[in-house]
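The structure's right below; bear with me while I get my questions together.
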Amino acid sequence: MSEPLLEMSGLTKHFPIMGGLIVKRQVAQVHAVDGVDLTVHAGESVGLVGESGCGKSTTGRLAARLLEPTAGTVRYRGRDIAHSSRRELKPIRPEIQMIFQDPYSSLNPRQTVGGIIRGPMEVNGIAPPGGRNARVRELLEIVGLNPEHYNRFPHEFSGGQRQRIGIARALALEPKLIIADEPVSALDVSIQAQVVNLLQALQRDLGIAFLFIAHDLAIVRHFSQRVAVMYLGKIVEVADRDSLYERPRHPYTHALLSAVPEADVTAEPRERIRLAGDVPSPIDPPSGCRFRTRCWKAQDRCATEEPPLVRLQGNRDGHLTACHFPEDPTSHGGNVILDPALQH
Amino acid sequence: MYRFLIRRILGAVVILLIISAVTFFLFFAIPRDPARLACGKLCTPESLEIVRHNMGIDEPVFLQYWHWLTAIFTGRDFTYGHCDAPCLGYSFVNQEPIFNAIVDRFPTTLSLTIGAAVVFLFFGVGAGMVAAARQGRALDKIASSASLLGASMQIYFVGVLATWILVDQTQILQRPTYHDFTANPVAWASGLLLPWLVLSIIFTANYTRMTRSSMVEQLSEDYVRTARAKGMSTRTVFLRFAWRGSMGPIVTIFGVDLGVLLGGAIITEQTFSLHGIGELSIKAVENQDLPMLLGVVLVSATAIVLFNIVVDAVYAFIDPRVRLN
Amino acid sequence: MTTPFLSVRDLTVDFHTEDGVVHAVDGLSFDVEKGTTLGIVGESGSGKSVTNLAILGLHNPAHSRITGEITLDGDELVRAPKSQLERLRGNKVAMIFQDPLTSLSPYHSVGRQIGETFRKHTGASRKEARDRAVEMLRRVGIPHAQTRVDDYPHQFSGGMRQRVMIAMALVCDPDLLIADEPTTALDVTVQAQIIDLLKDLQQQFGTAIILITHDLGVVAGAAHEVLVMYAGRAVERGTVREVLGSPRHPYTWGLLSSMPRLHAPVDVPLVPVRGTPPSLINVPPGCPFHPRCDFQALAGPDMCRGERPELSPHRGHGDACYLTPAQKQDIFIEQIKEHL
């Protein structure tokens, strides 16, 4: 495998909560991201999935160094940029770009599309051969928009087209890594597929690496070669796509997969795991394994000892799981009903 | 809730300390000497010294402020005699105790302010709700244009005009005077009716516009749709749901406006020849009467700060989401 | 044949806006029987939410024009007086909305919000309404219902809030429950809980449910019948097995083949529907889907942009497309199935 492009280790971000009677002081902290290790290689697409509040978006922002981590390192091409100053980051910024979820609010409504896409080139003083305007047209064509529409404003485009504009803006600086934070979840199904295919083409044809953050497991499976599952600020399982989706070892991954509704009426009824309750508060996460409060396999050990993210016996290289009592790698595909509500 | 109140009251004390200190030290930045003024034409250096001592301005400024501050809680001995706590000192000009002077005048200003506020809140919010309920129809348009007209009025213009028409020419209303509320509420109200109405003409307009837009916004909220979807009548939806939600911003602006009214008392009292603390403050400035100025500022500031605490408490009552923070 | 519990015939909803008349729903017909769930599927702007607000008469009459027939248990609703509709809402027909945070009043406790619906329709006392609210919270699986009844919506998590919403909708034992994207704002594990809850409640009380969603997966797991909508019209209707197992309309094909799946071979590319949904002010003539359809040439010259195709047959598995049944079957088996 090629050299790591982005290497995060022990990455931690705590947000303080201020309070107090007279003088403001920190009374608690949100453990948004708590010791995340994740690597993205050049040209690779890594998926980061989890439910709301699991810290996946914060991880993305830390990776792009839009946020400064509380602890841990972010190595970009071998260099730790975790605490780099604005000036030190300036030459790196163009290489790491972001695409955001909401195509409505992440584009300046008073700027033309051409202005929006030209912006990053102007800020970074990049003068492509043939001029910036020619490059804008070229980029519009790459993302599947009419190059003659550079004079229009964002409100003249549909949701899917706006997301393409956002992608064109990210491409303007020829990035090596794109951090895509829920890039298709605000779009209609038929439009989602257009954007996913576009991103796939960019990865394939331009060799751009992706950190693809999403809550939709099916889309991540489609787009990413390696997938990490996050729960309450920690990565609970990370593996190659096939390994993760076919032989999940962490009970949370397993439950998450079995909860995805499938539009498949011909297949055998699948195994169902129904998790009880909601995700606990990241202000005061459970001790030991953070998933234990919703886990049907939890035992005393899970409360006292935090499971390390390691390769379990029977797993492929690179398939890491943080669980004391992992799922059996061979039992999947059966029709076991593990729903506690259905047992009585 | 208690934590919230305690925090706000402690904050208020700090604000009042800062305001009084700033007023105090700014006064001494004026190059003129109040003792000189009090000493009169035939002033010798010796008698000037005595006057200075009697006024308590022969000490260093910081010490003076400290004495002034502690007197509020413990009382203070002056050459004129003992001043009981809460002591704000004696006037430089006529040696009247400041506290008594303010107690004497403050009810006029307070009646003017609160009375006008009640009137304009009632008419402003009422008209705004009618306008919101009749969106786009004649009543809505009338309310909108009237509010624009009102908002462009000034008190000294409307006040003088209204007095001329309603009092001098037609005698419909009484010439503004202050009567003690506890002695005769009817006389109290009829004596202040004209200034209340004039102030309301100006402020009602604003509240009509704000209430209307706030109501219209609330009526398009999802939870209002839910209320309708569960069978609530139009009236219930309007009063129990949308109105409650729309009052948050109104209450906030109301807190600010109470301060504006109190600060504007100087002009209002001049316009209607009323004797409140607005009038006191003008005289205090003219005569370089530091104790009087400090007293007026402190009492007005306390009133504004208290109004704001009440407003915040009301806001927390309206919107439970605010309570937890 | 008995009349269906809810019957919608030729429903048309137009909105008057500054830009022109928006044809949000155009000639829509469907039925829902007691104890069954109809899934209405479509993308944004397909008219699925507009339809259901029209059933309850929740559109502002000053800006909208509604024609057609909506019959619920023998009562005509389109021309019903306001008072009749108010008696119906929250009582015989209840609704759940997508975002429980904005759809619940932030100013009132959940107990009060549930209880006031009950009081409105049954005339119960405050005490009875409160007891009923606690009972409902317990029924939808909210722990410590007795104390949580006095909490406000913002004190609940997203999933619990949607349970509160469901408790409120079911407080008068409605015969018809309209759930508008009830799980879209929720996480996938919580979504599964809510769908299970709706199914359980339907089994217990025989409620008819209209489930509006953009997610075919949710429909597959929760509905008996499906209606696929596009640009304000029904393009396909049938049982879940019929529509998702052997779809006949090119738009349904497009929806299905653009969906990424968990269990299909991973190298199957997604096939998006090209173009974008039409403006509802200028709906294309004929079949509204024809500008995005890859098969319009097969139907014969100018067929698709001429007369509008009707949904046929009138009962069972129907679709609104000019392709012949044989063409549809061939195309599905040869070109579409491999992408599912």
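Over 30 Å between Cα atoms: which of A:K297/C:K34; A:K234/B:K230; C:K48/C:K82; B:K230/C:K199 fall into that group?
Exceeds cut-off: A:K297/C:K34; A:K234/B:K230.
To continue, here is another question. Over all alpha-carbon pairs in chain B, figure out the percentage whose distance exceeds 30 Å.
49
Let me ask something else about it. For the peptides B:207-219, B:56-68, what is the packing order when you average, over each peptide's residues, the other Cβ atoms within 10 Å and list the highest mean first?
Result, highest mean first: B:207-219, B:56-68.
Further question on the same structure: Quick one: net charge around B:P195, please, counting Lys, Arg +1 and Asp, Glu -1 for every other residue with C-beta under 12 Å from its C-beta.
0
Moving on. If a helix is a whole DSSP H run, which ones in chain B reach 30 Å or further along their own axis (Cα) and hold a mean Kyte-Doolittle hydropathy of at least 1.0?
Helices passing the filter in chain B: B:2-29, B:98-133, B:290-318.
So which lysines pass the test for A:K90, namely a Cα distance under 20 Å, with those fewer than 8 places away in the same chain ruled out?
A:K176
Next question, about the same structure. The range B:132-246: D in µm²/s via Stokes-Einstein (Kirkwood Rh, Cα pairs, 10 °C, 1.306 mPa s)? Don't skip to the answer; put the middle values down first.
Details: Rh = 16.9 Å.
The calculation lands on 94 µm²/s.
Can you tell me which of B:T226, B:T70, B:T204 moves the most in a GNM of chain B? Springs connect C-alpha atoms under 10 Å apart.
B:T226
Still on this structure, I have one more. What is the distance in Å between the Cα centres of the range B:170-223 and the range B:256-305?
About 21 Å separates the Cα centre of the range B:170-223 from the one of the range B:256-305.
Still on this model: Would you work out which of A:H324, A:H250, A:G160 lies farthest towards the positive end of the dipole of chain A, given +1 charges on the beta-carbon of Lys and Arg and -1 on that of Asp and Glu, about the Cα centre?
Ranked along the dipole, the leading option is A:G160.
I'd like the distance separating the alpha-carbon centroids of the range A:219-270 and the range C:160-239, in whole Å.
For the range A:219-270 versus the range C:160-239, the Cα centre distance is 24 Å.
How big is the Kirkwood radius of the range A:1-156, worked out from every pair of different alpha carbons and given in Å to one decimal? Write down the numbers at each step before the final one.
Details: mean 1/r = 0.0544 Å⁻¹.
Taking every pair of different Cα atoms in the range A:1-156, averaging 1/r and inverting gives 18.4 Å.
OK, next. Listing C:V149, B:V186, C:V271 from the residue with the fewest other Cβ atoms within 10 Å to the one with the most, what is the order?
Taking fewest neighbouring Cβ atoms as first place, the list is B:V186, C:V271, C:V149.
Which one of C:A220, C:A62, C:A124 has the biggest mean-square fluctuation once chain C is modelled by GNM with Cα springs under 10 Å?
Answer for the Gaussian network model of chain C: C:A62.
Please grab the % of Cα pairs in chain A that end up more than 35 Å from each other.
Across chain A, Cα pairs with separations above 35 Å total 28 percent.
Moving on to the next point. Going by average Cβ neighbours within 10 Å, how do the peptides C:249-259, B:136-146, A:175-185 rank, with the highest at the top?
Order by mean packing, descending: C:249-259, A:175-185, B:136-146.
Now, a different point. Rounded to the nearest 500 deg cm²/dmol, what is the calculated helix-only ellipticity per residue at 222 nm for chain A, with -39500 (n - 2.57) per DSSP H run of length n ≥ 4?
-7500 deg cm²/dmol
Also, quick follow-up: Cβ under 12 Å from B:G245's Cβ, B:G245 left aside: what net charge do those residues give with Lys, Arg +1 and Asp, Glu -1?
Taking every other residue near B:G245 into account, the sum is -1.
Let me ask you something else. If N is the number of residues in the range B:32-87, what value comes out of its Cα radius of gyration divided by 2.2 N^0.38 Å?
1.24
What is the order of C:V283, A:V143, fewest Cβ neighbours within 10 Å to most?
Lowest count first: C:V283, A:V143.
Given bins 5 angstrom wide, list per bin the percent of all Cα-Cα distances in the range B:56-209, short to long.
Going out from 0 Å in 5 Å bins, the range B:56-209 shows 2, 9, 12, 13, 11, 10, 10, 9, 9, 7, 4, 3, 1, 0, 0 percent.
With equal scatterers on the alpha carbons only and no solvent term, can you work out the Debye log10 of I(q)/I(0) for the range C:100-173 at 0.17 1/Å?
-0.51
Quick check: convex hull of the Cα atoms in the protein assembly as shown, volume per residue, rounded to a whole Å³? Let's see the in-between values first.
Numbers: hull volume 246.8 nm³, N = 1009.
Dividing the Cα hull volume of the protein assembly as shown by its residues yields 245 Å³.
What residue among A:K13, A:K297, A:K24 shows peak mean-square fluctuation when chain A is described by a Gaussian network model with Cα springs under 10 Å?
Result: A:K24 has the largest fluctuation of those listed.
I'd like to know which of C:H317, C:V228, B:F307 lies farthest towards the positive end of the charge dipole of the protein assembly as shown, counting +1 on Cβ of Lys and Arg and -1 on Cβ of Asp and Glu.
Farthest along the dipole direction, towards plus: B:F307.
What is the order of C:C293, B:C83, C:C287, fewest Cβ neighbours within 10 Å to most?
In increasing order of surrounding Cβ atoms, one gets B:C83, C:C293, C:C287.
Using only the C-alpha atoms of chain C, find the volume of their convex hull and express it per residue in Å³. Before the final figure, lay out each step's value.
Details: hull volume 50.1 nm³, N = 340.
Taking the convex hull of the Cα positions in chain C, it is 147 Å³ per residue.
To the nearest 20 debye, what is the magnitude of the charge dipole of the protein assembly as shown about its Cα centre, counting +1 on the Cβ of each Lys and Arg and -1 on the Cβ of each Asp and Glu?
660
Provide the net charge surrounding A:S85, with neighbours chosen by a C-beta distance below 14 Å and charges set as Lys +1, Arg +1, Asp -1, Glu -1.
After counting each charged neighbour, the total is +3.
Could you tell me the center-to-center distance, by alpha carbons, between the range C:91-107 and the range C:246-297 in angstrom?
Cα centroid to Cα centroid, the span is 32 Å.
Given A:I208, A:V196, A:F223, which one lies farthest toward the positive end of the charge dipole of the range A:191-270, if we put +1 on the Cβ of every Lys and Arg and -1 on the Cβ of every Asp and Glu?
Checking the options against the dipole of the range A:191-270, the answer is A:I208.
Here's something else I'd like to know. How large is the charge dipole for chain B, taken about the Cα centre, if only the Cβ atoms of Lys, Arg (+1) and Asp, Glu (-1) carry charge, to the nearest 20 debye? Mind showing how you got there, number by number?
Values: 24 positive and 22 negative charges, 384 e Å.
Dipole magnitude for chain B comes out near 1840 debye.
Work out which helices of chain C, taken as complete DSSP H runs, extend at least 20 Å along their axis over the Cα atoms and score a mean Kyte-Doolittle of 0.0 or more, then list them.
The qualifying helices are C:188-205.
Then there's this: Tell me, rounded to the nearest percent, the portion of alpha carbon pairs in the range C:138-254 spaced more than 19 Å apart.
Numbers: 3490 of 6786 pairs.
Within the range C:138-254, distances greater than 19 Å cover 51 percent of Cα pairs.
Kirkwood hydrodynamic radius of the range C:246-339 from all distinct Cα pairs, in Å? Before the final figure, lay out each step's value.
Values: mean 1/r = 0.0697 Å⁻¹.
Result for the range C:246-339, one decimal place: 14.3 Å.
Averaged across A:248-257, how many Cβ atoms of other chains sit within 10 Å of each residue's Cβ atom?
Partner-chain Cβ atoms within 10 Å, mean over residues of A:248-257: 1.
Each reported figure results from applying straightforward, stated rules to the coordinates on display, with no laboratory input. Bear in mind that the values here come from a model prediction, so they are computed numbers and not experimental data. Glycine gets a Cβ as well: all are built from the backbone with ideal geometry, and neighbour counts include every protein chain shown.
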